[in-house]
Each structure stands twice: as structure tokens, then as C-alpha cells.
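The values are calculated or read from the model by the stated rules, or taken from the named source; none is laboratory data. All values reported here derive from a predicted model rather than from experimental measurement. Cβ atoms come from the backbone with ideal geometry, glycine included; neighbour counts cover every protein chain shown.
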Amino acid sequence: MTEQFVRITEQESNYRHLDKMSVAELLHNINKEDSLVPQAVAKAIPKIEPLVTAIVDKMLMGGRLFYIGAGTSGRLGIVDASECPPTYGVPYGLVIGIIAGGEKAITQAVEFAEDSREDGWNDLQAYNISDKDVVIGIAASGTTPYVIAALNECRKNNIVTGSISCNPNSPVSAAADFPVEVVVGPEFVTGSTRMKSGTAQKLVLNMISTSVMIQLGRVEDNRMVNMQLSNEKLVDRGVNMLMLRSGLTDYEKAKDLLLKHGTVKKALDAL
């Protein structure tokens, strides 16, 4: 363990006798705790910034971004990675989420998968990981062996590493070139890190992927001009976006143009 490491995520809840609270009391108290999360994330921005810059630099050179985690942390990484192609029109495989225990672990707990010190690196190698890529280890506790061992192997192979955890001075931070620590305090239900810690990790992941995609030119003004037209809602959004930016006034004509070219960006370029 890293010197002076304290696992705040496992400390006693600030609340007692949850089973005696009314529904209203439970909801208000959970909300009160959740309100602390954005403040903790704000304090971590100076650490998030250089990580985003490193990711952008690597991607401009043809690299990829990997998230690796276990349990809730792993699932959050997979969610963020899976949303990049439809939102920004980037190819699948540019941002990749990996979870301890494999695909089954996305919906079911896989016992002891997070304790493996070999599987994380093996899972990364299945994607032909190289020093062009960036790997972010996600671990609320900061102590997940699967994640820490994978980051250590990445470093041995000159692969840039980052981490997202919710305890200060954690072992996963020591294994990362760009550690991000969002200390949200004890959970409402003692040790239930899917709550505040999970929310904090989700916010940081949103910040990282969104900032990276904007820096890569996947957003123009404040619009998702490269989004995939995967349902009627998105087609309608795209048509309105195209009309607004091009000056077209005929909805059907704009829709035909959008569907012909596939994205708002390509339709605008054609005009």
C-alpha cells in the first residue's frame, strides 16, 4: 500500500439507522450526499486536464483510449466507451472499455475476477495494445489488483497510464502517470461505492471523453455534427441542426440531404 493510504470509501456512513428512516428521509439524505460529488470533481480538474491533453496527443498520432476496471468501475468505463461512436461518429475501437471477468461481468458479478494480477494485462494484449495508446484504470477504492497490475505492465511497455479513484494516495494512483483522485467521503450505505464514488467516476469520464472529442474536432460550435443517425429522434435532431446551420428551410429536402450523406458534417460539406 502507498504511504499514508486511508480507504475513505470503506469508512462508516455519516448516517445511522437507515432502516428506520422514512422514504422521504432516505431520498433527501442521499441527495444531500450526492450534492457533495461535483465539488469533489471540481477539485480534481487540475489533474484531469493533463490526462485529457495526453489522450488527445496520442489519438492524433493514431492511438486509442482504453478504460479498464472491475465491477461498477468497469461497467462505467464500458458505458462511456460505447457512447462515443454514436455521439461523435468515431469508429468503434477508438475508445474501448474492458471489465474484469469479461462480457459476463457487465450484467453479473464474477467472483474474484478483480483479484487477478494477470488477467488485466492479458485482456489489454488481446487488443494489441501499444505505446500509441492510453490506458485509464478505474477503481473507486484504488486497490483493485486487476487494474493496478495492468497499469504496472503498461508502464513497463512505455504505455501512458491514467487512473480514476476515490481515495487519496491510493495504490492505483501510484501506478498511473496521470492519477485523478476524487475524494467524495464515506458512502450513504457504508462501502457502497456504486453511489457517490460511482457518480464521481461517471462525471470524470464524461469530462474526459467529451473534452477529447471536442479537441479532436468531433463537435462544431456546440453541436454533435458527426453523430450517427441511429433512430428517428436523432434524424430529426440532425435535420434541425442542418437547417439551422445551412439556411435550408425545407424540412424534407434537408432530411433527404442528411440521409444521403450520413452526418450533419458531411451534409454541410456537400453544400
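One table, with the values for the structure above:
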| read-out | value |
| --- | --- |
| Selected residue (only one of Ala70, Ala54, Ala24, Ala42 is in the same structural domain as Trp121 (by TED's automatic domain parsing), in contact with an Asp or Glu (Cβ under 9 Å, 6 or more places away or on another chain), farther than 27 Å from Thr107 by Cα and among the hydrophobic types (A, V, I, L, M, F, W, C)) | Ala54 |
| Enumeration of residues in the range 50-88 that are surrounded by 22 or more Cβ atoms within 10 Å (Cβ to Cβ) and among the polar types (S, T, N, Q) | Ser73 |
| Any hit, the range 183-197, residues being assigned by TED's automatic domain parsing to the domain that holds Ala139, under 27 Å from Tyr92 (Cβ atoms) and in a loop (DSSP other than H, G, I, E, B) | yes |
| The range 91-119 residues that are within 12 Å of Tyr146 (Cα to Cα), paired with ones that are part of a loop (DSSP other than H, G, I, E, B) and at pLDDT below 95 (beta carbon under 6 Å, 6 or more apart) | Gly101/Val110 |
| Residue count, the range 125-155 (criterion: part of a loop (DSSP other than H, G, I, E, B), touching a residue at least 12 places away in the same chain (Cβ under 8 Å) and of a type outside the set (D, E, K, R)) | 9 |
| All positions within the range 202-215 that are crowded, with 16+ Cβ neighbours inside 10 Å, under 18 Å from Val90 (Cβ atoms) and touching a residue at least 40 places away in the same chain (Cβ under 8 Å) | Leu205, Met207, Ile208, Ser209, Ser211, Val212, Met213, Gln215 |
